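Student: Structure incoming, see below.
The values are calculated or read from the model by the stated rules, or taken from the named source; none is laboratory data. Model, not experiment: these values are computed from the prediction. Positions of Cβ are backbone-derived with ideal geometry, glycine not excepted, and every protein chain shown enters the neighbour counts.
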Amino acid sequence: MNVVTPFEGIGASLRRKEDFRFLQGRGQYVDDINRPGQTHAVMLRSPHAHATIDRIDTAAARAMPGVKAIFVGEDMAAEAIGGIPCGWQIHNKDGSPMAEPMHPALALGKVRHVGDPVAVVIAETKAQARDAAEAILVAYTPLPAVSGTEAALKPGAPQVHEAAAGNLCYDWHIGDKAAQEAAFARAARVVKFETTNNRLVPNAMEPRAAIGDFDAFSGDYTLYTTSQNPHVIRLLMGAFVLHIPESKLRVVAPDVGGGFGSKIYHYAEEAIVTWAAGKVKRPIKWTCERSESFMSDAHGRDHVSTAELALDAEGKILGLKVHTLANMGAYLSTFAPCVPTYLYATLLSGVYATPVIYAEVKAVFTNTVPVDAYRGAGRPEATYLLERLMDVAAAEAGLDKVEFRRRNFIRPDQFPYQTPVALQYDSGDYHATLAMALEAADWAGFEGRRAAAKAQGRLRGIGISTYVEACGIAPSAVVGSLGARAGLYEVGTIRVHPTGSVTVLTGAHSHGQGHETTFAQLVADKLGVPTANVDIVHGDTAKVPFGMGTYGSRSLAVGGSAMDKAMDKIIAKGKRIAAHLMEASVEDVEFERGTFRVAGTDRTKSLTDISLAAYVPHNYPIDEIEPGLEETAFYDPKNFTYPGGCHICEVEIDPDTGRTTVVNFTAVDDVGRVINPMIVEGQVQGGIAQGIGQALLEAAVYDASGQLLSGSFMDYTMPRAGDLPDVGVATHTTLCTHNPLGVKGCGEVGAIGSPPAVMNAVVDALRDYGVRHVEMPATPQKIWGIVNAHRIAAE
Amino acid sequence: MYDFAYHKPASVADAVKILAADPEARPISGGMTLLPALKLRLNRPSAVVDLSGIAELRGVTRKGDTLVIGALTKHYEVATSAEVKAAIPALAAMAHTIGDTQVRNRGTMGGSVANNDPSADYPAALLALGATIETDKRQLPADEFFNGMFTTALEVGELVTAIHIPIPEKAGYAKMRNPASRYAMAGVFVAKTAAGVRVAVNGAGANGVFREKAMEAALAANWSADAVAGIKVDPSLLNGDIHGSAEYRAHLVTVMAKRAVVDAG
Ligand SMILES: Cc1cc2nc3c(=O)[nH]c(=O)nc-3n(C[C@H](O)[C@H](O)[C@H](O)COP(=O)(O)OP(=O)(O)OC[C@H]3O[C@@H](n4cnc5c(N)ncnc54)[C@H](O)[C@@H]3O)c2cc1C
């Protein structure tokens, strides 16, 4: 009847509405936008990791054809343009705030990493801007540089900032140290493990781009930018950098070709083109080149950690102690300080009932590109550390690695479960996801496959990872108390048009996630409007009331919940209108998927009847209800959400070349209620591709002088289709208990759960070689080194 | 890209004339190497002479015991040519592994040979097969043509016009790819030819593609994977980078040599 046919609501694997344009090359990305009178900007970047700028001579460049303007750091400083702000303040153990050195949009007197922008050239064409940039003479005096995470804290290390003595950004801790020490004193066994979490370059398919536009008559600025959160950019750039009131600044993030975190942050180039557009009174477009991306997009991960696990005689975990160094790069990017603290150390309990945890984290400055959140952000680092440690501990305690995990799992009857590191998990069933994954991966049959591979000269290994993560970020009051300088609610507006179609305005932003489809499904499910009649609007501060954007797998859990709340308001108002039209009392009106009904009767009104009445209020309770049918809700979550599950990986190693091939991958994830199973599968597979990339392939490598050796795809190993197996994805649902949709989030689970599963498989494959640990990425060269060392030792 | 003049001659003679008049001009074939270099502003030719309109540079023919491959022949054409597949299957198979579909449909044998990238595939094949490189002026044996990394015997303005490859009794190729670039990190081409056994190594040498004489001798005596299993090239003659140290490459050369022999059958 009024139910949408075929079913398009929650649980339908609807094809993605947005793919119609994306697959035909008809997306509208920032670089596709051209403003009348547009000029082009090129950034001149530092070739040095660390140097003083003695002099910049732009005279010859200014005289070149087409050049409109050239600006350097001093030009911005002269107008009191602010530094690029950091959105999160961490406090040291002693309560003092972290070191937060100024981050000028264009370098002032010093450059601090290869790629640090020194000048911007604005010209009629991009080629002219490039030519002129080459003609700028910069006299640098190179300074000693530091790039390594551990090297940064060594006495005598080159100082990246005067305002950060010893390169220390903060020295932070969480948990109960005395309780941890007491637990360790009682332990039958303590297992210690050290590891590095490799630095990654996100490499979204679409490079960053920005267009600054200024209307001299209205005084309005517009920034088109490749952002995951245009309102946040408007807030940060308007309030802290350029001092433009929100009412005079519009930020548009149109189609965006992938973000993975790297497009959350407010970048210098956005402020530069917006400010400069006001100076030259012409629109200015800047589009990043791929090699420029390598040295200017925020990198991810880069931790060095030591973990110790205390066990009792039965293999039960008594406590965990972690010490981590985190590389912030040369400047603090928007979310950087919270990644190795509140998105990392709070996850160290994992899926285990660990009674006590104490973690210390030191963040350091280095002469490298800033490091910030990258798909998973902190949670992959925590999961990797813990899940490798679990394998190492199981081996040393002589326990079966699956049984060891099971023995320590948080049981289903323990939820809500309070960890010793701040989080309270609301729901989950780790035994169930484990059992499903073991079955799907044919764990029991592995030894047979191993023997078959061995007969052909290959080393086969199997690895498991059982994980939980915290996403759907986040309760504003909680993150505020932890140092966030913003709230993390989300906003949804439901606009029911007179004839019943719906426009949704959401503060979430889609850059690959498929919101135009899944969000429409939420409306179809609740209001009974076919998805074809539901349009999702996002990414424009002039259209959407407000929003905090998309990252931390928050779009559905927070943004979707805001929409749900707004739909509740639509239904509540609709019931009052329906009660009037059907001459019933409001309490007697029921609503289900598009139909208002007087309970127990066959008297009904459709949503369209109601919307029409609301906009053409001839017969309408005008004294009691306003016309129109549009509602907005701000939803601030009560807690994080806690997706979790089990990943199992099987690899084969060619001992002659050291090459590792992933031959099987099984993922069973609990992402809460599933809105669109096909999209969940795609999100999980994409995350696993990046997880396999981190485990086997990817590494941002700096030499000691701060030069980026893996600065292009010739040397940075992006995973390709051929590197990946068919990934079997299944879900097992326990509902989130505190949001109205019961959803948890699926955007990051793949990247969080998979790296330790892969590395546990690699170590397992090398079990005859006496290997305790292999660092990521497990490149052929590294694996061959292990095989070769073993061969030499054997001879 | 910097500005440059563009010419599209219809004959080798015209192309050579334009190049002779302007030593800063560069020929372009598939552009798969030159175009990225231009875009990255690593190269600043005054003019680009597009060879793609020259019909006489195209085509694969068999002349007795020799395959003649026109310089403009694309990797895709080599990979799928019935003539190449019948005469030197290892060469067709090699062409099929160069770059990706787009690269194979633009890149040419002449361009690859003229470029002599130390990690490129064809130089190893041509050196091992004892090919002759024909230019607009002369005929050069591969042993004299390939002169180290990105260096050949070509003079400024001289064009590769065709490659003559004696058909071997058997040949095989194996390479370990650089995980990032997918070019060869160590590759070995083995050929049993009328002139004897020849083995060429690409991807690994500090001075570009080279012949591995010890392996040639061993295979001449005993054509089997075991014959080369114990032969290790001196790492001090090899290249090292973040993906493969000289030691690792030396090891790979041995492994790839074994596999190339197996591939040859
Ligand atoms: C993504 C990618 C992956 C690749 N992977 C591989 C790989 O795995 N293995 C491999 O071997 N190669 C690889 N290549 C290189 C590719 O094979 C090139 O096509 C080849 O090396 C050059 O051929 P071209 O026709 O494109 O030459 P061009 O780019 O047109 O020219 C290359 C150079 O040769 C000169 N030149 C061109 N034609 C002639 C001629 N007839 N006479 C004299 N000089 C000439 C040009 O002036 C220039 O200096 C890859 C390239 C790319 C872009």
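Student: For the stretch B:178-196, how many residues meet the condition of being away from the ligand (no atom under 16 Å from the Cβ) and touching a Phe, Trp or Tyr at 6+ places or on another chain (Cβ under 7 Å)?
Tutor: 1
Student: Can you name the condition, by its number, that A:Thr550 falls short on among (1) assigned to a helix (DSSP H, G or I); (2) out of contact with any Leu (no Cβ under 8 Å at 6 or more places or on another chain); (3) polar (S, T, N, Q)?
Tutor: (1)
Yes/no matrix, rows are residues, columns are (1) within 15 Å of the ligand (Cβ to nearest atom); (2) at pLDDT 95 or above; (3) β-branched (Val, Ile, Thr); (4) part of a strand (DSSP E or B):
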residue	(1), (2), (3), (4)
B:Ile133	yes, yes, yes, yes
B:Glu144	no, yes, no, no
B:Gly148	no, no, no, no
B:Gly157	yes, yes, no, no
B:Thr161	yes, yes, yes, yes
B:Gly172	no, yes, no, yes
B:Met176	yes, yes, no, yes
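Student: Just to verify a result, which residue in the stretch B:29-86, among those that are β-branched (Val, Ile, Thr) and not in a strand (DSSP E or B), is nearest to the ligand (Cβ to nearest atom)?
Tutor: Only one residue tops the list, namely B:Thr33.
Yes/no per residue for (1) crowded, with 24+ Cβ neighbours inside 10 Å; (2) within 20 Å of the chain's Cα centre (by Cα):
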residue: A:Pro643; (1), (2): yes, yes
residue: A:Cys646; (1), (2): yes, no
residue: A:Glu650; (1), (2): yes, no
residue: A:Phe665; (1), (2): yes, no
residue: A:Val671; (1), (2): yes, yes
residue: A:Glu681; (1), (2): no, yes
residue: A:Val684; (1), (2): yes, yes
residue: A:Ala689; (1), (2): no, yes
residue: A:Ala695; (1), (2): yes, yes
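Student: Pull up the stretch B:93-108, narrow it to residues that are near the ligand (Cβ under 8 Å from one of its atoms) and surrounded by 24 or more Cβ atoms within 10 Å (Cβ to Cβ), then point me to the one that is nearest to B:Ala15 (Cα to Cα).
Tutor: Top of the filtered list is B:Thr108.
Student: On to the next question. Being assigned to a helix (DSSP H, G or I) and out of contact with any helix residue (DSSP H, G or I) (no Cβ under 8 Å at 6 or more places or on another chain) is the filter here, so list the residues in the stretch B:7-23 that pass it.
Tutor: B:Ala13, B:Asp14, B:Val16, B:Lys17, B:Ile18, B:Leu19, B:Ala20, B:Ala21
Student: So, restricting to strands (runs of 3 or more DSSP E) that lie completely within the stretch A:426-539, which ones have at least 1 residues that are of a type outside the set (A, V, I, L, M, F, W, C), touching a Ser or Thr at 6+ places or on another chain (Cβ under 6 Å) and not assigned by TED's automatic domain parsing to the domain that holds A:Ala353?
Tutor: Qualifying strands (runs of 3 or more DSSP E): A:490-496, A:534-537.
Student: Can you spot a residue in the stretch B:213-228 that is within 11 Å of chain A (Cβ to nearest Cβ) and in a helix (DSSP H, G or I)?
Tutor: So far as the stretch B:213-228 goes, no, none of its residues is within 11 Å of chain A (Cβ to nearest Cβ) and in a helix (DSSP H, G or I).
Student: Would you mind stating whether A:Glu681 is more than 30 Å from A:Pro144 (Cα to Cα), assigned to a strand (DSSP E or B) and away from chain B (no Cβ under 14 Å)?
Tutor: For A:Glu681, the condition - more than 30 Å from A:Pro144 (Cα to Cα), assigned to a strand (DSSP E or B) and away from chain B (no Cβ under 14 Å) - is not met.
Student: Give just the number: which of (1) in a helix (DSSP H, G or I); (2) away from chain B (no Cβ under 14 Å); (3) touching a residue at least 24 places away in the same chain (Cβ under 8 Å); (4) surrounded by fewer than 24 Cβ atoms within 10 Å (Cβ to Cβ) does A:Gly750 not satisfy?
Tutor: (4)
Student: Going by the conditions given, is B:Arg26 more than 8 Å from the ligand (Cβ to nearest atom) and either in a loop (DSSP other than H, G, I, E, B) or more than 14 Å from every other protein chain (Cβ to nearest Cβ) (or both)?
Tutor: So B:Arg26 fails the test.
Student: Here's another thing I want to ask about it. For the subset of the stretch A:283-316 comprising residues that are assigned to a helix (DSSP H, G or I) and not small (Gly, Ala, Ser), which member is surrounded by the fewest Cβ atoms within 10 Å (Cβ to Cβ)?
Tutor: A:Arg290
Student: I'm told B:Met1 meets every condition in (1) more than 8 Å from the ligand (Cβ to nearest atom); (2) touching a strand residue (DSSP E or B) at 6+ places or on another chain (Cβ under 6 Å) except one. Can you identify the failing condition by its number?
Tutor: Answer for B:Met1: the failing condition is (2).
Student: Kindly check whether there is at least one residue in the stretch A:590-601 that is assigned to a helix (DSSP H, G or I) and surrounded by fewer than 24 Cβ atoms within 10 Å (Cβ to Cβ).
Tutor: No, the stretch A:590-601 contains no residue that is assigned to a helix (DSSP H, G or I) and surrounded by fewer than 24 Cβ atoms within 10 Å (Cβ to Cβ).
So that you can scan it fast, the table gives a plain yes or no per residue for (1) modelled with pLDDT of 95 or more; (2) assigned to a helix (DSSP H, G or I); (3) loosely packed, with under 13 Cβ neighbours inside 10 Å:
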{"position": "A:Lys17", "(1), (2), (3)": "yes, no, no"}
{"position": "A:Gln24", "(1), (2), (3)": "yes, no, yes"}
{"position": "A:Asp31", "(1), (2), (3)": "yes, yes, no"}
{"position": "A:Ala49", "(1), (2), (3)": "yes, no, no"}
{"position": "A:Ala61", "(1), (2), (3)": "yes, yes, no"}
{"position": "A:Met64", "(1), (2), (3)": "yes, no, no"}
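Student: I want to confirm something. Restricting to the stretch B:229-249 and keeping residues that are away from every other protein chain (no Cβ under 11 Å) and touching a Lys or Arg at 6+ places or on another chain (Cβ under 9 Å), which single residue is surrounded by the fewest Cβ atoms within 10 Å (Cβ to Cβ)?
Tutor: Only one residue tops the list, namely B:Pro235.
Student: Let me ask something else. Let me confirm something: among B:Ile231, B:Ile242, which residue is over 23 Å from the mean Cα position of the chain (by Cα), assigned to a loop (DSSP other than H, G, I, E, B) and under 16 Å from A:Gly785 (Cα atoms)?
Tutor: One residue alone meets the criteria, B:Ile242.
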